[in-house]
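Peer 1: Pasting a structure here, questions to come.
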There are 2 protein chains.
Amino acid sequence: MQANARVLDVDANCAALDAAAQAAAADGAAVLVTPELFPVGYAPLRLRTDLDPSGLPAIRETLSGIARRHGIGLAYSLPAVTDRGNWHITSTLVDATGTELLNYAKVHLFGDGEREAFSPAETGPAVVDFNGFRTSMVICYDVEFPEAVRAAALAGAELLLVPTALAHGFETVPQVLLRARALESQLTIAYANHSGNEDGCEFLGGSVIAGPDGSLLAAAGPGAELLYAEVDPDAARNARGVVPYLRERRPELYRSWGI
Amino acid sequence: MQANARVLDVDANCAALDAAAQAAAADGAAVLVTPELFPVGYAPLRLRTDLDPSGLPAIRETLSGIARRHGIGLAYSLPAVTDRGNWHITSTLVDATGTELLNYAKVHLFGDGEREAFSPAETGPAVVDFNGFRTSMVICYDVEFPEAVRAAALAGAELLLVPTALAHGFETVPQVLLRARALESQLTIAYANHSGNEDGCEFLGGSVIAGPDGSLLAAAGPGAELLYAEVDPDAARNARGVVPYLRERRPELYRSWGI
């Protein structure tokens, strides 16, 4: 799902997400990946000032209900406040019954706004079995670091779901880096961006789904759209059989080099 | 320099390299990057069987002489035998006086032939000042691993010279991975491949020079050619100022994640 959110208009954003989930499910999709912070809009400083975190559990209930009602998996992204009071940017994967399978909190924050409003997390991406795919998540700027995707792949991921909020002008991120991440760590990546303007930021759109051979399975234009790809359950294993990048890494040397 | 070598015909290969150095110097080039094992041809098993390593110092002298005679830096690749008798695939950068500035030995060997004929090295890429550029080298399959290029960039490299021997069918390596390596580690990469057939292997050609913004500064076709690019001395610093990937890595977390 590539779409434009309305900042702090949760009802409108959840209605858009509900319509997208209905349409995607009707078209046979097993999972809908949505942009970073979509239900609340991408506006780090305003979220930190104006969003009441006590409302987050109800938003999560609404999102689980959308997945359950349409019988489709859903990857969504929201702020979360830790027990120690730190605000994180998180993502969650729920299955078609609305059950939470996986949570992730963003490790690499981008820019002054995010760093002022949020704290970076420290836990690597976990992996869960989802519809027969070993599935993981990272968020936006994380995926620009090969290390984050390596961590997911080395933990067993063959499918990586990436909510993002990428501004206009960074076309090389989806067109070059995302393809390379999929190719070098040999998994499928679905990267879902905002479109249009939110809180003064003009977003690129340009969401992509990239396969483990480095090909683009689908690529969006600048506007709102639902982008589909069919993922071959054997694609990651086949790619890893042709060139065994993950097995031929030399991690003990990398550590000795201090990287 | 993208070209076809004749296996074990050192005189012919050095003559081709000499002509390329003369032409490149006449066109104002400061350095000529040549393909993996070009002076001896890319044929790991035949090299190991039929190449007399006692002849290697004379080949190196010839190559230094080519650089000196034409007044151009030269990055070349040859086998080398360690004191313990291990055969490595190496690369060397000599300056325009023929003086050796930098040596590197390949860490990631590709395929059964290379692994049967050679031993993998363990030392990370070093960096040297060359014509005002902090310069490093890796070889072929090494560059497909983001970790190898990270190591060079973290050691200060802003220019990476990569002799390679990439077979037909791997177009995504120069077109996707090389651009991503340059973009994610924010340096300029010159990647020089063989063309044509050597010892039964059909090479891709397709050499590229990629800039730290992920752009292709130059890209070769399938046949022999000299490929040129002008490298902005400020390009790496400028890119690192826009998005500080190297500074915003979280190496202590990567280590804690076990990658």
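The values are calculated or read from the model by the stated rules, or taken from the named source; none is laboratory data. What you see is a predicted model, and the numbers here were worked out from it, not measured in a lab. Here Cβ is always computed from backbone atoms with ideal geometry, including for glycine, and neighbour counts include all displayed protein chains. All accessible areas refer to the heavy atoms of the entire protein, side chains included, with ligands and DNA or RNA removed. Shrake-Rupley method; radii C 1.70, N 1.55, O 1.52, S 1.80 Å.
Peer 1: Pairs, please: C-beta under 6 Å, at least 6 apart or cross-chain, first residue within 7 Å of chain B (Cβ to nearest Cβ) and in the range A:248-259, second at pLDDT 95 or above?
Peer 2: Pairs found: A:253/B:122; A:254/B:147; A:257/B:124; A:257/B:151; A:259/B:150; A:259/B:151; A:259/B:154.
Peer 1: How many residues, within the range A:211-259, are among the aliphatic types (A, V, I, L, M), part of a helix (DSSP H, G or I) and closer than 27 Å to residue A:32 by Cβ? Explain how you work it out, then say what you get.
Peer 2: So in the range A:211-259, the residues among the aliphatic types (A, V, I, L, M) come out as A:216-220, A:224, A:226-227, A:229, A:231, A:235-236, A:239, A:242-243, A:246, A:253, A:259.
From what is left, the residues that are part of a helix (DSSP H, G or I) are A:235-236, A:239, A:242, A:246, A:253.
Cutting the leftovers down to closer than 27 Å to residue A:32 by Cβ gives us A:235-236, A:239.
Final tally of qualifying residues: 3.
Peer 1: Where the second residue is open to solvent by 20 Å² or more (accessible area, probe 1.4 Å) and among the aromatic types (Phe, Trp, Tyr) and the first is over 26 Å from residue B:43 (Cβ atoms) and lies in the range B:155-176, which pairs have Cβ atoms under 7 Å and are six or more apart or on separate chains?
Peer 2: B:158/B:133; B:159/B:133
Peer 1: Right, something else. Taking into account only those residues within the range B:19-35 that are over 22 Å from residue B:139 (Cβ atoms) and not aliphatic (A, V, I, L, M), which is surrounded by the most Cβ atoms within 10 Å (Cβ to Cβ)? Write out each step before concluding.
Peer 2: Going residue by residue through the range B:19-35, those that are over 22 Å from residue B:139 (Cβ atoms) are B:19, B:22-23, B:25-28.
Still in the running and not aliphatic (A, V, I, L, M): B:22, B:27-28.
Values: B:22: 15, B:27: 10, B:28: 9.
Top of the filtered list is B:22.
Peer 1: Pairs please, first residue from the range A:120-133 and in contact (Cβ under 8 Å) with a residue 60 or more places away in the chain and over 24 Å from residue A:86 (Cβ atoms), second anywhere and assigned to a loop (DSSP other than H, G, I, E, B) and open to solvent by 60 Å² or more (accessible area, probe 1.4 Å), Cβ atoms under 8 Å, 6+ apart in sequence or on different chains.
Peer 2: From residues that are in contact (Cβ under 8 Å) with a residue 60 or more places away in the chain and over 24 Å from residue A:86 (Cβ atoms), the pairs are A:132/A:233; A:133/A:233.
Peer 1: Please give the number of the condition residue B:111 fails out of (1) touching a Ser or Thr at 6+ places or on another chain (Cβ under 8 Å); (2) within 14 Å of another protein chain (Cβ to nearest Cβ).
Peer 2: Here residue B:111 clears every test but (1).
Peer 1: Tally time: how many residues in the range B:131-143 are open to solvent by 20 Å² or more (accessible area, probe 1.4 Å) and assigned to a strand (DSSP E or B)? I'd like the intermediate steps shown before the answer.
Peer 2: Quick first cut of the range B:131-143, residues open to solvent by 20 Å² or more (accessible area, probe 1.4 Å) only: B:131-134.
Filter again for assigned to a strand (DSSP E or B), leaving B:133-134.
So the count comes out to 2.
Peer 1: Now, a different point. Just one of B:177, B:159, B:216, B:227 is buried (at least 18 other Cβ atoms within 10 Å of the Cβ) and under 19 Å from residue A:176 (Cβ atoms); which is it?
Peer 2: Numbers: B:159 fails: under 19 Å from residue A:176 (Cβ atoms); B:216 fails: buried (at least 18 other Cβ atoms within 10 Å of the Cβ); B:227 fails: under 19 Å from residue A:176 (Cβ atoms).
One residue alone meets the criteria, B:177.
Peer 1: Between a first residue in the range A:75-86 that is over 30 Å from residue A:20 (Cα atoms) and a second residue that is part of a loop (DSSP other than H, G, I, E, B) and open to solvent by less than 10 Å² (accessible area, probe 1.4 Å), which pairs have beta carbons less than 6 Å apart while being 6 or more apart in sequence or on different chains?
Peer 2: none
Peer 1: Just give me the residues in the range A:177-194 being of a type in the set (A, V, I, L, M, F, W, C) and away from every other protein chain (no Cβ under 11 Å), in sequence order.
Peer 2: The initial filter retains those residues of the range A:177-194 that are of a type in the set (A, V, I, L, M, F, W, C), namely A:177-178, A:180, A:182-183, A:187, A:189-190, A:192.
A:187, A:189, A:190, A:192, listed by residue number.
Peer 1: Mind telling me which of the residues A:101, A:51, A:109 ends up being in contact with a strand residue (DSSP E or B) (Cβ under 7 Å, 6 or more places away or on another chain) and either at pLDDT below 95 or within 30 Å of residue A:155 (Cβ to Cβ) (or both)? If you could, list the steps in order and put the result at the bottom.
Peer 2: Details: A:51 fails: either at pLDDT below 95 or within 30 Å of residue A:155 (Cβ to Cβ) (or both); A:109 fails: in contact with a strand residue (DSSP E or B) (Cβ under 7 Å, 6 or more places away or on another chain).
The conditions single out A:101.
Peer 1: Follow-up. Which residues, counting only those in the range B:36-47, are aromatic (Phe, Trp, Tyr) and either open to solvent by less than 10 Å² (accessible area, probe 1.4 Å) or within 27 Å of residue B:230 (Cβ to Cβ) (or both)?
Peer 2: So in the range B:36-47, the residues aromatic (Phe, Trp, Tyr) come out as B:38, B:42.
Residue satisfying the conditions is B:38 alone.
Peer 1: Next question. Any idea which of A:209, A:259 is open to solvent by less than 30 Å² (accessible area, probe 1.4 Å) and at pLDDT 95 or above?
Peer 2: Details: A:259 fails: at pLDDT 95 or above.
Just a single option satisfies the conditions, and that option is A:209.
Peer 1: Next up: Quick one: which residue in B:68, B:6 is assigned to a loop (DSSP other than H, G, I, E, B), open to solvent by 30 Å² or more (accessible area, probe 1.4 Å) and out of contact with any Lys or Arg (no Cβ under 6 Å at 6 or more places or on another chain)? Don't jump to the end; show me each part of the working.
Peer 2: Values: B:68 fails: assigned to a loop (DSSP other than H, G, I, E, B).
Result of the check over B:68, B:6: B:6.
Peer 1: Can I ask one more? Consider residue A:133 carefully, then state whether it is at pLDDT 95 or above and within 14 Å of chain B (Cβ to nearest Cβ). So that I can check it myself, show each step before the final result.
Peer 2: Numbers: at pLDDT 95 or above: yes; within 14 Å of chain B (Cβ to nearest Cβ): no.
No, not satisfied.
Peer 1: So, of the residues in the range B:144-197 that are hydroxyl-bearing (Ser, Thr, Tyr) and part of a helix (DSSP H, G or I), which turns out to be nearest to residue B:113 (Cα to Cα)? Write out each step before concluding.
Peer 2: Step one: of the range B:144-197, the residues hydroxyl-bearing (Ser, Thr, Tyr) are B:164, B:172, B:185, B:188, B:191, B:195.
Okay, now just the ones that are also part of a helix (DSSP H, G or I), so B:172, B:185.
On the way: B:172: 22, B:185: 30 Å.
That would be B:172.
Peer 1: Name the single residue that is nearest to residue A:4 (Cα to Cα) among those in the range A:183-205 being small (Gly, Ala, Ser) and open to solvent by 10 Å² or more (accessible area, probe 1.4 Å). Walk me through how you get there before you give the answer.
Peer 2: Applying the first criterion (small (Gly, Ala, Ser)) to the range A:183-205 yields A:185, A:190, A:192, A:195-196, A:200, A:205.
Next cut, open to solvent by 10 Å² or more (accessible area, probe 1.4 Å) only: A:190, A:196, A:200.
On the way: A:190: 18, A:196: 6, A:200: 12 Å.
Residue satisfying both the conditions and the ranking: A:196.
Peer 1: Now a separate question. Name the residue that is most open to solvent (accessible area, probe 1.4 Å), counting only residues in the range A:114-130 that are over 26 Å from residue A:200 (Cβ atoms) and away from chain B (no Cβ under 14 Å).
Peer 2: A:129
Peer 1: If you don't mind, another one. Could you give every pair whose Cβ atoms fall below 9 Å, whose first residue belongs to the range B:44-60 and is within 18 Å of residue B:115 (Cα to Cα), and whose second residue is part of a helix (DSSP H, G or I) and open to solvent by 90 Å² or more (accessible area, probe 1.4 Å), counting only separations of at least 6 or pairs across chains?
Peer 2: Filtered contacts from the range B:44-60: B:44/B:115; B:44/B:116; B:45/B:116; B:48/B:116.
Peer 1: Kindly check whether there is at least one residue in the range B:199-211 that is within 14 Å of another protein chain (Cβ to nearest Cβ) and more than 18 Å from the chain's Cα centre (by Cα).
Peer 2: no
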